[in-house]
Each structure stands twice: as structure tokens, then as C-alpha cells.
């Protein structure tokens, strides 16, 4: 029946065979419904961008070329839909510099969120000057959580050193502590403040919803009296300040003798 039908209607049969045959060897062209992409497989493989000038839907052609070749400069050739083209390429390349080509601020932010899915992405994939924007868009609570975790990790380093070496001094200058401080301060306008002595320490950092302070007494909260002369989150009494001052003088004297 098929042979007789084809003999009678050769043009129709040839047309049907063309439709059901995979374009350029792609068996998924019809199942995915992306026949335009399939039609561009050969020109893309040959990097024949000039083909788009002969294509009925030029912007679709350029968009597909840009995405497949990871080349955002091709988006510039589009008359409409450039922003979506840039966002698609930025996502594939994980490159925020592509997002910066967008003039529309909301689209630029949308592009950023396509790349950054967590705080680590903000720190590693986004340019330093844009990390705050990234954190803001992801949610400041997540950044605050990471900062608190880093501060408490510093507290662990200090506590371990005091138990081992009977002093809090020198810990902040260690390699591991320096890395944590850098992570805390990344993209921040107000860096963490740390004060240490032989017998005490305090650390204070501004978060999105206020201040966060921890010290050697076990305090953890929003009081921020932490300073060189008051190594505690809470404001010390006159007696406590006097004792702390005497201890610092003893530490200085011992350091000179050693």
C-alpha cells in the first residue's frame, strides 16, 4: 500500500519522509519539538554565522549560535531579545561579566541569580565589587549565617590555642585564621574587629540586622563594647577595667623579659 501510495503522490511522500527524518542526524529533533535548533546544527558545526542572514527567524538563529558557541558577542547582532541571549550565555559560561553587558538593571540582577545559587558562588564567581549585590539578592540571612559560622570557628581556634599555649595572642595571625578573616570581610564595608590579650579576646562584626559580638567569657550577642581597652563585648566595670589594665601591663612586662 505504501509503495502504491508513494507512486501516486511522490511529492507528498517525499515531504513526509523529510519531516520524519532526523535533521542532520539528530534523532531527538521531533521528540524535543526544537526543529529550528535541529535545522541549525550543520551551520553551527561549521561556525557558519552568515547562515543566519538567510534564515527566516534571524534573532532565533543568532540566539542559538550564541548559546551553542558560548559567544555573547553574537547576541549583539540581534534586534530583539538581546538580554535573554546574554543571560543564557552567562548561565552556560558561569561568567558574570556577560551579565554586565545588560543595560536593564532588573535583567542584570536576574542574570546574576542565574549564575549564583549560594554564598560560595557570590564569593567565587562574582566580581568583588558586586558581591554585596549578590548577597542581597540571595538573602542576607544566608550571608549572616556564614559570617557567624566563621566567627565561631575563629573562637574555636582562640580557645584551643589558649588551652594549649595559655594565651590568645598570635592566633589571628595564623594561616587558618587569616583565611577565615578574609572570608568574613569579603565584599564587606565594615570588617570584623578582633582584640586579644593573653587572657581574653573579643570579636565584633556588623550583620544585616545589627551587631554580633563574641568574647572569651562565653558571651554571644549584640553588645559591642569590644575595644583595645575593653576586651569584652560588654562594658566592663571600673574594677574589671583596672584588673584588665594590670594584666596587660604584666603581659607587656613579660614580653619584654622574654
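The values are calculated or read from the model by the stated rules, or taken from the named source; none is laboratory data. Please read all numbers here as calculations on a predicted model, not as lab measurements. Ideal geometry is used to build each Cβ from the backbone, glycine not excepted, and the neighbour counts take in all protein chains shown.
Laid out as a table, the results:
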read-out	value
Members of the range 195-211 found to be surrounded by fewer than 21 Cβ atoms within 10 Å (Cβ to Cβ), farther than 24 Å from residue 250 by Cα and either free of Cβ contacts under 8 Å to residues at least 40 places away in the same chain or touching a strand residue (DSSP E or B) at 6+ places or on another chain (Cβ under 6 Å) (or both), listed by number	206, 210, 211
The listed residue being touching a helix residue (DSSP H, G or I) at 6+ places or on another chain (Cβ under 6 Å), modelled with pLDDT of 90 or more and crowded, with 19+ Cβ neighbours inside 10 Å, out of 192, 172	192
Looking only at the range 137-149, and only at residues there that are free of Cβ contacts under 8 Å to residues at least 40 places away in the same chain and either in contact with a strand residue (DSSP E or B) (Cβ under 9 Å, 6 or more places away or on another chain) or surrounded by fewer than 17 Cβ atoms within 10 Å (Cβ to Cβ) (or both), the one that is farthest from residue 219 (Cα to Cα)	137
Filtered residues of the range 153-169 (kept if under 17 Å from residue 192 (Cα atoms) and exposed (fewer than 14 other Cβ atoms within 10 Å of the Cβ))	156
Qualifying residue in the range 73-82 (condition: part of a loop (DSSP other than H, G, I, E, B), within 11 Å of the chain's Cα centre (by Cα) and surrounded by fewer than 16 Cβ atoms within 10 Å (Cβ to Cβ))	no
Every residue from the range 175-189 that is part of a helix (DSSP H, G or I) and either closer than 24 Å to residue 255 by Cβ or in contact with a helix residue (DSSP H, G or I) (Cβ under 6 Å, 6 or more places away or on another chain) (or both)	175, 176, 177, 178, 180, 181, 183, 184
Test: residue in the range 177-189 that is under 30 Å from residue 245 (Cβ atoms) and touching a strand residue (DSSP E or B) at 6+ places or on another chain (Cβ under 7 Å)	yes
Residues located in the range 40-50, provided they are surrounded by fewer than 17 Cβ atoms within 10 Å (Cβ to Cβ) and in a helix (DSSP H, G or I)	42, 45, 50
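Per-residue answers, yes or no, for (1) within 20 Å of residue 170 (Cβ to Cβ); (2) touching a helix residue (DSSP H, G or I) at 6+ places or on another chain (Cβ under 6 Å); (3) surrounded by fewer than 17 Cβ atoms within 10 Å (Cβ to Cβ):
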| position | (1), (2), (3) |
| --- | --- |
| 213 | no, no, no |
| 218 | no, no, yes |
| 226 | yes, no, no |
| 231 | yes, no, no |
| 234 | no, no, no |
